[in-house]
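The values are calculated or read from the model by the stated rules, or taken from the named source; none is laboratory data. What you see is a predicted model, and the numbers here were worked out from it, not measured in a lab. Positions of Cβ are generated from backbone atoms using ideal geometry, with glycine treated the same way; all protein chains shown enter the neighbour counts.
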Amino acid sequence: MLRVSLRNIAAHKLRLALSVLAVVLGTAFVTGSLVFTSTLKSTFDALLDQGTQDLSAMIEPEDPRGAGVPFEVADRALGLPGVEAVTPGVTGTVVLFNADGTPYQSGGAPSEGLEWVDPDQSVGSSDWISDGRAPAADGEVVLPESVLDNAGLAIGDPARVYTTSQGMIDVTVVGAYSSETDVGGYVGVGFTPAQARALFTDGENASNVAVRAVPGVSQEEMRDTLAAEFPGYEVSTGEEVKERLSAQLSTVLDFVNYFFVAFGLIALLVGTFIIYNTFSMLVAQRMRELALLRAIGATRGQLTRSVLAEAALTGLVGSAIGVLAGFGLARVIFAVLDAFDLGIPSGSLALTPMSVITPLVLGFVVTVFSAWAPARRAGRVAPVQGMRVGAASSEAGGGWRTSVGLLAVVSGVMLALIGTWQDTTRSGAITVGVGAAALIVGSFLVMPALARPIAGGIGRIIGAPFGAVGKLAATNAGRNTRRTAATAFALTLGLTLVAAFGTLGATTKESVSGLIDQGITADVIVQGVASQGPPTPLAGGIEDQIAGVDGVGDVAWLAFGFGQLGGEPQALAAAGGPVGELLEATVLDGSLEPQEDSLVVSREVSRDNGWTMGTRVPLVGPDGSESTLRVTGVYDDAQILGPFYTGIDVYERLVPENLRSTAIVLAKAAEGTSPDEVLAAVTEELADTPIATVQSKQQYIDVQSGGIDQLLTIIYALLGLALVIAVLGIVNTLALSVIERRTEIGMLRAVGMQRSQIRRTINLESTQIAVFGALIGAAVGVYLGWAFVSVLADSGLSETTIPWGNIGVVLVASAVVGVLASLWPAHRAAKTDPLEAISD
């Protein structure tokens, strides 16, 4: 029987290729995701190895948000026995400007200023001067070679660098440096130690101190020596630092991995229905062949195993090709990221057992599982069926199937509804998730019963202009409802996800826009450019410059510092100016205007911590200074203010003067001045501060909601893989359907049907199947999207917003996809020779 299976595959190479393709796409995406993240992990591990290869120990503050480690600790450590070199950690956020005056875009990579230390004296650095020289005086800097080229700068050129402590400074590029591993987009501006400390520290503390021991002294010995000398600081070995950083990196990369693999599994799930459909049709087409094998002595088990053997071979071949394609996909991803300088380090692809074995096993198991039901059906073929003429239909009764499907659909709808009523977001999301699974499974089971009335009805509407040809196409979809449903369901699943994500995304976008629109009454918003993710902080004092512009009325601003508030390390916002005039929040008690040593808190913080009006909350600054804040206001519905904030007087105690910055400035037009005039005036005033982004209220809203659009675009692109597989499923099913109905098509040709009419029939049949699947998917997706939005209502989502326009576009696109998917099968059907088909 194995020989029969192999010969059967060899005789139907096209059929094999169509089946293999569904497996290839799913496994390729899973492989590409695993290879991408494992390569990132190995490359970053290599960076960590280089950065810690000569690091013996690290001295850090016990509170990571504290003032840091005094420079005198570094000086004392250098004099200890066994210490060869010491490097204080001195870095800070900067923005480098290109030769044409525009900010250099670092993508997702850091853009930082640093203290340049000679490589021989530096600990944990693999950089070296490759051209020019090291900075020797204030105003001299060195840049990475790649940045120098991309920014249009050369050694000896003047340049401009923005720092949060001193604003824009003029520098001269005196050298270029290289690293063993290049990180695309990374900007590291090297200053002299004196200038770096003046720009990025309070003048007394470094963020940490790296120590290298002399040969022969172990990391543990160095750690113990430093811990004994400097009690009150956290001292770790170089290996411990490396393990900690590697664990943090793994957490981030695991999320990326799960995100991408999830879409790969969705693709495999869609492929499952295609493979199931394919083998169901193959069994139906080979009914006489299988019956004849039974008649000459083949057992039921042998027939079942022969079909499973074909599936196993399909799964192995498809998975193997998918693994190879996945490596190519990973290389393409890296090439694209590198082309856009998105901060991804370069390196060779990492080949791990997980990235090869996992997709191979997944593809094999999914394919065999998908073919299990058709294989069992093949084993139940009776010998007498060998006397039948023509291919038997793969249609089977399904009363129990419809009943179970209806029960699952009703259960899914009710569970999703119950989830929206539950008290906690977590329990509600779990209930809705279970309901979603039941609803999707139920839809698959009940769709054959819906195929005849709904798909047939769609077919009659679409086919009405085409007369008898359209009626014939509408009838064909109802002849084998299970096949129609299985073909359509691949598209249903994709459209369900698109509609659900689209509803969630549209609602989130509308909620964010509404909160900002209602919460900000300012006419002009000023922030730093987003050169590497969040907006770069503006230099302190810019609010005074804006307040001095003609036509500007009230000005308020926010800044951020760090401290221990109520015993917990916190990022603490500070507000200056008439906040209540420019931000519209619901004041529950007290006032939005911070007073001296006051704390204004949100309703959630007040409830969770028991902080009410007059409550005194202890505050410990980064330098260890202690003070007490008093709650003077409780508010609600003010997204931009965050959970709590204090006044500028507290901020000035927390942050040294040379490190102060401003996060955002809000300005309102004075009476008699239009907002457009103020926007133009502020823009002109800040023309010499290109780091500042001046926006109207609507522009600010558009930027904030634009991030949601970008995320949705990524999700839609990834879901597009599932839709591509669904389209291939339609192509596959129609191609096999043409083979199955070869005699029927020959008869139609014999009685006078033209080739163009045959093509049109297949086109219409494909279109109605695609629209049928898309309609079911859109309905299920919108309902699930509404349920998830309702569950997340406490997280700030407003009334459900359904993207009807996008859904309408997708439905129209589904009809177009149906036509395109049918072109090749329709062409094959039209070439059917009437006499040969009838003689079969």
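A few remarks follow.
- Residue match in the stretch 487-502 (condition: more than 25 Å from T801 (Cβ to Cβ) and either more than 32 Å from the chain's Cα centre (by Cα) or assigned to a loop (DSSP other than H, G, I, E, B) (or both)): no
- Selection status of S56, polar (S, T, N, Q) and either within 20 Å of R160 (Cβ to Cβ) or within 34 Å of the chain's Cα centre (by Cα) (or both): no
- Of everything listed in (1) in contact with a helix residue (DSSP H, G or I) (Cβ under 6 Å, 6 or more places away or on another chain); (2) within 30 Å of L666 (Cα to Cα); (3) in a helix (DSSP H, G or I); (4) modelled with pLDDT of 80 or more, the single unmet condition for V694 is (3).
- Count - residues of the stretch 631-671 that are more than 30 Å from N205 (Cα to Cα), among the small types (G, A, S) and in a loop (DSSP other than H, G, I, E, B): 2
- Of the listed requirements (1) under 27 Å from I542 (Cα atoms); (2) at pLDDT below 95; (3) surrounded by fewer than 17 Cβ atoms within 10 Å (Cβ to Cβ), T164 misses just one: (3).
- Among the residues of the stretch 508-516, not a single one is on the phi < 0 side of the Ramachandran plot and either free of Cβ contacts under 8 Å to residues at least 40 places away in the same chain or part of a loop (DSSP other than H, G, I, E, B) (or both).
- So T612, is it among the hydroxyl-bearing types (S, T, Y), at pLDDT 90 or above and assigned by TED's automatic domain parsing to the domain that holds D649: yes
- Number of positions in the stretch 130-157 that are surrounded by fewer than 20 Cβ atoms within 10 Å (Cβ to Cβ) and closer than 25 Å to S661 by Cβ: 2
- Verdict on E596 being more than 28 Å from A206 (Cβ to Cβ), assigned by TED's automatic domain parsing to the domain that holds L679 and among the charged types (D, E, K, R): yes
- Annotation: of all residues in the stretch 772-829 being of a type in the set (D, E, K, R) and part of a helix (DSSP H, G or I), the one that is farthest from the chain's Cα centre (by Cα) is R828.
- Residue within the stretch 169-176 that is part of a loop (DSSP other than H, G, I, E, B) and not hydrophobic (A, V, I, L, M, F, W, C) present: no
- Here the condition is being closer than 30 Å to V336 by Cβ and among the polar types (S, T, N, Q); of S178, S207, it holds for S178 alone.
- Test: residue in the stretch 98-107 that is touching a strand residue (DSSP E or B) at 6+ places or on another chain (Cβ under 9 Å), surrounded by fewer than 21 Cβ atoms within 10 Å (Cβ to Cβ) and closer than 30 Å to S218 by Cα: no
- Checked against the criteria, E60 counts as charged (D, E, K, R), touching a strand residue (DSSP E or B) at 6+ places or on another chain (Cβ under 6 Å) and either in contact (Cβ under 8 Å) with a residue 40 or more places away in the chain or not assigned by TED's automatic domain parsing to the domain that holds I155 (or both).
- If the condition is being within 16 Å of F259 (Cα to Cα) and hydrophobic (A, V, I, L, M, F, W, C), then the stretch 26-46 contributes A28, F29, V30, L34, V35, F36, L40.
- Residues of the stretch 397-428 that turn out to be assigned to a helix (DSSP H, G or I) and more than 20 Å from S790 (Cα to Cα), as a count: 10
- Any pair with Cβ under 7 angstrom, 6 or more apart, that starts in the stretch 567-596 at a residue that is within 18 Å of G621 (Cα to Cα) and modelled with pLDDT of 90 or more and ends at one that is in a strand (DSSP E or B) and among the β-branched types (V, I, T): A574/T646
- Residues of the stretch 300-326 satisfying the condition of being of a type in the set (K, R) and either surrounded by 24 or more Cβ atoms within 10 Å (Cβ to Cβ) or within 26 Å of V23 (Cβ to Cβ) (or both): R305
- Within the stretch 360-418, the residues that satisfy the criterion of being of a type in the set (A, V, I, L, M), modelled with pLDDT under 90 and closer than 18 Å to F489 by Cα are V366, A371, A373, A396.
- Subset tally (residues that are more than 26 Å from F273 (Cα to Cα) and touching a helix residue (DSSP H, G or I) at 6+ places or on another chain (Cβ under 7 Å)) for the stretch 489-511: 5
- Hits in the stretch 618-642 - residues which are crowded, with 17+ Cβ neighbours inside 10 Å, in contact with a helix residue (DSSP H, G or I) (Cβ under 6 Å, 6 or more places away or on another chain) and either modelled with pLDDT of 90 or more or farther than 16 Å from I664 by Cα (or both): G621, V634
- Only one of A85, A74, A136 that is among the small types (G, A, S) and free of Cβ contacts under 8 Å to residues at least 60 places away in the same chain: A136
- V682 touching an Asp or Glu at 6+ places or on another chain (Cβ under 8 Å), modelled with pLDDT of 80 or more and either under 17 Å from I546 (Cβ atoms) or not assigned by TED's automatic domain parsing to the domain that holds Q545 (or both): no
- Residues in the stretch 800-829 that are of a type outside the set (A, V, I, L, M) and in contact (Cβ under 8 Å) with a residue 60 or more places away in the chain: T800, T801, P803, N806, S814, G818, S822, W824, P825, H827, R828.
- Set L629, L666, L659: member being in contact with a strand residue (DSSP E or B) (Cβ under 7 Å, 6 or more places away or on another chain), under 21 Å from G540 (Cα atoms) and touching a residue at least 24 places away in the same chain (Cβ under 8 Å): L666
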